[in-house]
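Below is one structure, written out as structure tokens; comments come after it.
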Amino acid sequence: MSEPEVLTEVDGNVLVVTINRPDAKNAMNKAAAEGISAAMDRLDAEPGLQVAILTGAGGTFCSGMDLKGFLRGESPSLPGRGFGGLSQWTPKKPIIAAVDGYALAGGMELALSCDLIVASSASKFGIPEAKRGLAAAAGGLIKLPRQIPPRIAMELALTGDFIDAARAYELGFINRVVEGPSLPAAKELAARIAENGPLALAASKAIVRDSHEWTEADMWDKQQAYITPVFTSQDAREGAAAFAEKRKPNWQGK
């Protein structure tokens, strides 16, 4: 039997999700998109999981859409969830992209859909669809100008050129650049996040994600709806008590 298109592994309270199509440079097909989507559902459903890491097998993150699957009539996009099961929605809990090798086209758009990015120094990013007479329709043209300077996003969209990890870090697109594989550094970052209160993490992610749509007139009221359940939770009391007692908190997620 062949291995699944997506592998999952639990490391403490971190769910590691690996696109497992190394012979195809982890090009996205329907089965892989379904596997990522199912893994993100698991992330949100299991209280013991705090963070997910999305990575690729064989030294490549994702090279984009699987053209062979496309020619067979397959779609690597899922209804309501988008390319790779992730580009049009996000789970409540944080996701870190651990990028090695290429994150191109849909692979770049998968990275854009994650909350944080750790990349190896040899990795490359780009939305080269225009070189093939296409456009980066899985979020590249929408999300990239919100995450890097719009004129640079425009240049990448119109030229289709790649940027390396150092340039991506300089632009504020990625959080860490590391020598060697990215996964150990992503796990270290995930462990730091997972030490924190789960309700606080979900609310903080949601506010950072959604607040760009809020007007100045209503932003405080909008934020209040997200943070009231956090400040009135058992975890908020536990966090204060743990600080006073100089111990690690015992989060309950309620």
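The values are calculated or read from the model by the stated rules, or taken from the named source; none is laboratory data. Quick caveat, the model's predicted, so the values are computed rather than measured. Quick reminder, even Gly has a Cβ in these numbers, built from the backbone with ideal geometry, and neighbours come from all protein chains shown. Only protein heavy atoms, including side chains, enter the accessible area calculation; ligands, DNA and RNA are left aside. Shrake-Rupley method; radii C 1.70, N 1.55, O 1.52, S 1.80 Å.
Check whether at least one residue in the range 108-117 is over 19 Å from the mean Cα position of the chain (by Cα) and open to solvent by 50 Å² or more (accessible area, probe 1.4 Å), and report yes or no. It would help to see each step written out before you state the result.
Going residue by residue through the range 108-117, those that are over 19 Å from the mean Cα position of the chain (by Cα) are none.
Checking the range 108-117: not a single residue is over 19 Å from the mean Cα position of the chain (by Cα) and open to solvent by 50 Å² or more (accessible area, probe 1.4 Å).
Mind checking which residues of the range 208-254 are of a type in the set (Phe, Trp, Tyr) and in contact with a Lys or Arg (Cβ under 9 Å, 6 or more places away or on another chain)? Explain how you work it out, then say what you get.
Step one: list which residues in the range 208-254 are of a type in the set (Phe, Trp, Tyr), which gives 214, 220, 226, 231, 243, 251.
If the condition is that a residue be of a type in the set (Phe, Trp, Tyr) and in contact with a Lys or Arg (Cβ under 9 Å, 6 or more places away or on another chain), then 214 is the only one that fits.
Give me a count of the residues in the range 205-240 that are surrounded by 13 or more Cβ atoms within 10 Å (Cβ to Cβ), closer than 22 Å to residue 146 by Cβ and among the charged types (D, E, K, R).
Qualifying residue count for the region: 2.
Which is closer than 30 Å to residue 254 by Cβ, at pLDDT 95 or above and in a strand (DSSP E or B), of 55, 8? Step through it out loud before you land on a result.
Working: 55 fails: closer than 30 Å to residue 254 by Cβ.
Only one candidate qualifies: 8.
Of everything in the range 119-155, what is open to solvent by less than 10 Å² (accessible area, probe 1.4 Å) and assigned to a helix (DSSP H, G or I)? Give them in sequence order.
Answer for the range 119-155, where residues must be open to solvent by less than 10 Å² (accessible area, probe 1.4 Å) and assigned to a helix (DSSP H, G or I): 140, 144, 153.
Applying the selection to the range 95-107, what residues are open to solvent by 10 Å² or more (accessible area, probe 1.4 Å) and in contact with an Asp or Glu (Cβ under 7 Å, 6 or more places away or on another chain)?
Of all residues in the range 95-107, those open to solvent by 10 Å² or more (accessible area, probe 1.4 Å) come to 100-102, 104-105.
Within the range 95-107, just 105 meets the criteria.
How many residues are in contact (Cβ under 8 Å) with a residue 40 or more places away in the chain and of a type in the set (Lys, Arg) if we restrict to the range 179-208?
The number of residues fulfilling the criteria is 2.
Name, by its number, the condition in (1) in contact with a helix residue (DSSP H, G or I) (Cβ under 8 Å, 6 or more places away or on another chain); (2) in a loop (DSSP other than H, G, I, E, B); (3) not hydrophobic (A, V, I, L, M, F, W, C) that does not hold for residue 80.
Failing condition for residue 80: (1).
Filter the range 83-115 down to residues that are assigned to a loop (DSSP other than H, G, I, E, B), closer than 15 Å to residue 43 by Cα and either of a type in the set (Lys, Arg) or in contact with a Phe, Trp or Tyr (Cβ under 8 Å, 6 or more places away or on another chain) (or both), then give me how many there are.
Taking the range 83-115 as the starting set, the residues that turn out to be assigned to a loop (DSSP other than H, G, I, E, B) are 84-94, 100-101, 105, 114-115.
Among the residues that remain, those that are also closer than 15 Å to residue 43 by Cα are: 85-86, 89-94, 114-115.
Now drop any that are not either of a type in the set (Lys, Arg) or in contact with a Phe, Trp or Tyr (Cβ under 8 Å, 6 or more places away or on another chain) (or both), which leaves 92-93.
Number of matching residues: 2.
Would you pick out the residues in the range 158-173 that are of a type outside the set (D, E, K, R) and farther than 18 Å from residue 63 by Cβ? Steps first, please.
As a first pass, look at the range 158-173 and keep what is of a type outside the set (D, E, K, R): 158-160, 162-163, 165-166, 168-169, 171-173.
Once the filter is applied, which keeps residues that are of a type outside the set (D, E, K, R) and farther than 18 Å from residue 63 by Cβ, the range 158-173 yields 158, 159, 166, 169, 171, 172, 173.
Would you say residue 176 is in contact with a strand residue (DSSP E or B) (Cβ under 6 Å, 6 or more places away or on another chain) and either open to solvent by 70 Å² or more (accessible area, probe 1.4 Å) or free of Cβ contacts under 8 Å to residues at least 40 places away in the same chain (or both)? Don't jump to the end; show me each part of the working.
Details: in contact with a strand residue (DSSP E or B) (Cβ under 6 Å, 6 or more places away or on another chain): yes; either open to solvent by 70 Å² or more (accessible area, probe 1.4 Å) or free of Cβ contacts under 8 Å to residues at least 40 places away in the same chain (or both): yes.
For residue 176, the condition - in contact with a strand residue (DSSP E or B) (Cβ under 6 Å, 6 or more places away or on another chain) and either open to solvent by 70 Å² or more (accessible area, probe 1.4 Å) or free of Cβ contacts under 8 Å to residues at least 40 places away in the same chain (or both) - is met.
Being under 24 Å from the mean Cα position of the chain (by Cα) and without any contact (Cβ under 8 Å) to a residue 12 or more places away in the chain is the filter here; which residues of the range 209-251 pass it?
If the condition is that a residue be under 24 Å from the mean Cα position of the chain (by Cα) and without any contact (Cβ under 8 Å) to a residue 12 or more places away in the chain, then 213, 214 are the ones that fit.
Which of the residues belonging to the range 149-177 are of a type in the set (Val, Ile, Thr) and out of contact with any helix residue (DSSP H, G or I) (no Cβ under 8 Å at 6 or more places or on another chain)? Give the steps one after another, and end with the answer.
Restricting attention to the range 149-177, the residues satisfying the condition of being of a type in the set (Val, Ile, Thr) are 152, 159, 163, 174, 177.
Answer for the range 149-177, where residues must be of a type in the set (Val, Ile, Thr) and out of contact with any helix residue (DSSP H, G or I) (no Cβ under 8 Å at 6 or more places or on another chain): just 152.
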